[in-house]
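The values are calculated or read from the model by the stated rules, or taken from the named source; none is laboratory data. As the structure is a prediction and not an experimental result, all values here were calculated from the model. Cβ: placed from backbone, ideal geometry, glycine included. Neighbour counts: every protein chain shown.
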Amino acid sequence: MKTVKQIVASKTKPLQTISPDATVQAAVQIMSSEKISALPVVEHDQLVGIISERDYVRKVAAQEIPAWSVKIHEIMTSDVITINIDDPIDHCASIMTSRRIRHLPVMQDGRLISLISITDIVDSMKTVRQIVDSKTRPLQTISPDATVQAAIQIMSTEKISALPVVEHDQLVGIISERDYVRKVAAQEIPAWSVKIHEIMTSDVITIDIDDPIEHCTSIMSTRRIRHLPVMQDGRLISLISITDVVDILQPDDI
């Protein structure tokens, strides 16, 4: 079962905190520059509260009070609900839903180490199935005995950049625009004279429809590939690209 630790490990920027004696204006500036929507409030290395964009909007801006004239401790939430780094993610999702909150400070051995948002939770729970379900056009495939020219024509017409190669209903390879450019065009070989099986990638890395999306991004990053065939019960059902992954991971305004 996936835990909070996996979300925390994926964060690349250091945790931002603020003092309860700082002004709300200071908090707003940090949230804006760091592109975050909440800050843990820390005093003497202890978590004493949390302040969010929502607190500012509802308790300061809506009252037409200058943000520089209000201290954090005057509007922060003091009764902070926290989670442990080893808590399961579904436990955090349950807390956020039932308490109608969007941020949870993460503790380890009684020490504040991170802050996760509902967007972090949603992103961590996304799977390949969501990408596949969002596709509106049927999967295009090609035979290993077809010509590279035929593959180029399909990719051009369908505005796609790779094709799974299928023989007898089995995935046997993948061919991409990059394969054509590097292995055919760069060699000044006519595309109609080359068969797919001559240049396709045969050792194909695949993913399962229920794999988490971050597993796919890890494969794409480490293997430096841009396409992954999607399998379900041993059957090829889709092909996802790095663009598909980026599109589904765009942060929502939650």
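Odds and ends about this structure:
- Wholly within segment 134-204, helices (runs of 4 or more DSSP H) carrying at least 1 residues that are aromatic (F, W, Y): 177-183
- Criterion: in a loop (DSSP other than H, G, I, E, B), of a type in the set (D, E), in the same structural domain as R102 (by TED's automatic domain parsing) and more than 15 Å from L115 (Cα to Cα) - qualifying residue of D55, D21: D21
- Condition check for I83: assigned by TED's automatic domain parsing to the domain that holds S114 and at pLDDT 95 or above: yes
- Among the residues making up segment 27-74, a single one is among the small types (G, A, S), crowded, with 16+ Cβ neighbours inside 10 Å and without any contact (Cβ under 8 Å) to a residue 40 or more places away in the chain: G49.
- When residues of segment 153-203 are limited to those that are of a type in the set (D, E, K, R) and over 32 Å from the mean Cα position of the chain (by Cα), the one surrounded by the fewest Cβ atoms within 10 Å (Cβ to Cβ): E188
- A search for C-beta distances below 9 Å between a residue of segment 185-200 that is farther than 20 Å from E167 by Cα and any residue that is modelled with pLDDT under 95 and of a type in the set (D, E, K, R), counting only pairs 6+ apart in sequence or on different chains, returns I189/K183.
- Restricted to segment 79-107, and to residues there that are surrounded by 17 or more Cβ atoms within 10 Å (Cβ to Cβ) and in contact with a Lys or Arg (Cβ under 7 Å, 6 or more places away or on another chain), the residue that is nearest to K5 (Cα to Cα) is I85.
- Scanning segment 102-137 for residues that are more than 16 Å from D86 (Cβ to Cβ) and either among the hydrophobic types (A, V, I, L, M, F, W, C) or at pLDDT 95 or above (or both) yields H103, L115, I118, V122, M125, V128, I131, V132.
- Every residue from segment 211-231 that is out of contact with any Pro (no Cβ under 6 Å at 6 or more places or on another chain) and either modelled with pLDDT of 95 or more or part of a loop (DSSP other than H, G, I, E, B) (or both): D211, R224, I225, R226, H227, L228, V230, M231
- Hey, V204 in contact with a helix residue (DSSP H, G or I) (Cβ under 9 Å, 6 or more places away or on another chain) and modelled with pLDDT of 95 or more or not: no
- Only one of M231, M220 that is buried (at least 17 other Cβ atoms within 10 Å of the Cβ) and under 17 Å from the mean Cα position of the chain (by Cα): M220
- Total residues in segment 103-118, condition closer than 15 Å to H91 by Cα and outside any strand (DSSP E or B): 1
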